[in-house]
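Student: One structure follows; several queries about it will come next.
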Amino acid sequence: MNHEKTKRAQIIEIAIEILENEPGGLARGEIYNLILDKEPDLGPRVNLYTALSRDNLKKFTKDRIIEPEPGILRFKYAEKDVQPEITDKEKPGKYQERDFYEPFAEWLKTEGECTEAKRLGESKLPRYWGTPDVIGVWKTPRFAPKESYEIVSAEVKIDNSTSSLLTGFAQACCYKLFSHKAYLVIPNKTRADVVKRLTALCMSFRIGLILFDAEDAEDPKWEIKTRAARTEPHMFYLNEFLVQEEVKELFR
């Protein structure tokens, strides 16, 4: 019994150490993996799950570890220690949003989502929320018996504030008016509970969600949370979009 208590205390101690350095929190599965990386002998996973159960967290951490979202654990800081969300506008980094447009366009082609892709973000097409940061198209070869295509749009956000991410999600929804697929691309340092909600929203609306390292445009480390699913665009808005010169280039 004493051995089990010591083991539980050790697991909780490591979990607190991990979460103190992750203000946004982590999913339980991520915490389990990090604990096993530090102390492989603390497994199996069932022991970790038991040690970090809600009852044990409440009893043995004195609510220092909380569960703000199902499956997400976070260290509870004193109110005076809680830092506000740092946005790109408040703290300009080495890279700007536009620095990731071309890398994501290349990723879309590498992943087989598009045969052609390009940055479009700064073109300012004459429609509100009608200019994706990245636009791509998947086309059948010219010699194919029947020509077909898929338009893929993406909204990239380097600012991980809640308002910015919600705006990005709304923009991705709007792109579905003229696109077969839409992606929302957000920093991987976004709070874990926010990522979980966005993942659920994107799955509901069949939008793809991609995480990336906003501090490294050379190697953004694209991570797929959910892939975009094909839906049929609205023909009126599709035709309106396709006549733009910047878009026509993809079909030449």
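Student: Cross-link list Lys76/Lys225; Lys38/Lys59; Lys94/Lys189: which exceed 19 angstrom alpha carbon to alpha carbon? Before the final figure, lay out each step's value.
Tutor: Details: Lys76/Lys225 26 Å; Lys38/Lys59 24 Å; Lys94/Lys189 15 Å.
Too far apart for the 19 Å limit: Lys76/Lys225; Lys38/Lys59.
Student: A further question follows. Taking N as the number of residues in region 97-251, what value does Rg over Cα atoms divided by 2.2 N^0.38 Å take?
Tutor: On the way: Rg = 14.8 Å, N = 155, 2.2 N^0.38 = 15.0 Å.
Cα-based Rg divided by the globular estimate yields 0.99.
Student: By a straight-distance test (C-alpha under 14 Å), which aspartates and glutamates pair with Lys118 as possible cross-link partners, with residues fewer than eight away in the same chain excluded?
Tutor: By straight Cα distance, Lys118 reaches Asp99, Glu102, Glu106, Asp133, Glu155, Glu245, Glu246, Glu249.
Student: Follow-up. Please go through region 9-77 and write out the trypsin sites (Lys or Arg not before Pro) that DSSP classes as loop and that have at most 12 other C-beta atoms within 10 Å.
Tutor: Details: sites: Arg28, Lys38, Arg45, Arg54, Lys58, Lys59, Lys62, Arg64, Arg74, Lys76; in loops: Lys62, Arg64, Lys76.
Of the trypsin sites (Lys or Arg not before Pro), the ones in loops of region 9-77 whose Cβ has at most 12 other Cβ atoms within 10 Å are Lys62.
Student: Taking the Cβ of each residue in Val194, Val243, Val152 as the centre, tally the other Cβ atoms inside 10 Å and list the residues starting with the fewest. Present the calculation step by step, with values, prior to reporting the outcome.
Tutor: Numbers: Val194 20, Val243 8, Val152 24.
Final ranking by Cβ density, sparse to dense: Val243, Val194, Val152.
Student: Under the classification rounded if a/c is under 1.5, otherwise prolate if a/b is larger than b/c and oblate if not, where does region 159-231 fall, given a ≥ b ≥ c as square roots of the Cα gyration tensor eigenvalues?
Tutor: Details: a/c = 1.71, a/b = 1.43, b/c = 1.20.
It is prolate, given that a/c is not under 1.5 and a/b is the larger ratio.
Student: What is the Cα radius of gyration of region 193-242 over 2.2 N^0.38 Å, N being its residue count? Intermediate values should be presented prior to the final figure.
Tutor: Values: Rg = 14.4 Å, N = 50, 2.2 N^0.38 = 9.7 Å.
Computed over Cα atoms of region 193-242, the ratio equals 1.49.
Rule-based calculations on the coordinates, nothing more; no lab input. What you are looking at is a predicted structure, and each value in this text was computed from that prediction instead of being measured. Backbone-built Cβ (ideal geometry, glycine too); neighbour counts: all protein chains shown.
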